[in-house]
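Have a look at the structure that comes next, please.
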Amino acid sequence: MKLILDACVAISMLVEENDTPAARSLQADFQKKIHELIAPDSLPLEIAHALTRAERQGKIDVGQGQIAFDDFLDPCPTLYPYFDYLDRAIRLSSKFRIGVFDCVYVALSEEHGCPVVTSDKRFLELFPSLTISLSDL
């Protein structure tokens, strides 16, 4: 199944959270080529930001962020230029009053005809036809 990987799920693959087991299961399925994962090319930046923040907050040891980031990149989901989806994302953000980063994922979903896998409840509620809950995989 082709899925768009939301940043919150990608981060749960790397930093221990409530949905980490499900996120790591998705990652394993991706590595076995059961699922195809795609994302905007802003995803690595979002992950790097979250990992260094996790280091600062003491959730992971200093230096673990780089190791986790490198692990995520091998193999990396197919990345699409976020700039190609930015105009649509801005319009969606204004209409639905949700962050433009999330709306880039929605615009990517619209173009590729596949759902965004997420654990963000508000995101799931706002875009039920374009999202799938990580817990439902």
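None of the figures in this text is laboratory data; all of them are computed from the coordinates on show. Note that the structure is a prediction, hence the values are computed from the model and not measured. With ideal geometry, Cβ positions are generated from the backbone for all residues, glycine too; neighbour counts draw on all protein chains shown.
Label-point separation (nm) for GLU125 and GLU17, each offset 7 Å from Cα along Cα-to-Cβ?
Result: 1.8 nm between the two label points.
Give the long-range amide H neighbours of SER42: residues separated by 5 or more places, or on another chain, with amide H under 5 Å away, using H modelled in the peptide plane at 1.01 Å from N.
TYR82
Here is a follow-up. HN-Hα J couplings of the range 122-129 from phi, Karplus 6.51/-1.76/1.60, θ = phi - 60°, integer Hz, Gly and Pro as x?
Coupling constants for the range 122-129: 5, 4, 4, 5, 6, 10, x, 7 Hz.
Now for a separate question. Arranged by the count of other C-beta atoms within 10 angstrom, fewest first, what order do LEU26, LEU79 take?
LEU79, LEU26
Something else about it: In whole Å, how far is the Cα centre of the range 41-96 from that of the range 110-135?
What the calculation gives is 17 Å, centre to centre.
On to the next question. Out of residues 5 or more away from ILE4 or on other chains, whose amide H comes under 5 Å of its own, with H placed 1.01 Å from N in the peptide plane?
ILE38, VAL116, VAL117
Here is a follow-up. How many lysine pairs are close in the chain, with Cα atoms under 29 Å apart and the two 8 or more places apart or on different chains?
Taking the Cα cut-off of 29 Å, the pair count is 9.
Let me ask another. Run lengths n ≥ 4 of DSSP H only: what is the helix-derived mean residue ellipticity at 222 nm for the chain, with -39500 (n - 2.57) per run over all residues, to the nearest 500?
Roughly -16000 deg cm²/dmol at 222 nm, from the helical runs in the chain.
In units of 2.2 N^0.38 Å, what is the alpha-carbon radius of gyration of the chain?
Rg over 2.2 N^0.38 Å, computed on Cα atoms: 1.01.
Same structure again: Suppose a student asked you for the relative contact order of the range 1-116, using Cα pairs under 8 Å spaced at least 6 residues apart; what percent would you report?
The normalised contact order for the range 1-116 reaches 31 percent.
Here's another thing I want to ask about it. So what is log10(I(q)/I(0)) for the range 4-65 at q = 0.26 1/Å, when the Debye sum runs over its Cα atoms only?
-1.12
When the label point is put 7 Å from the Cα of ARG88 along its Cα-to-beta-carbon vector, which residues of the range 112-130 have a backbone N closer than 11 Å?
The answer is 112-114.
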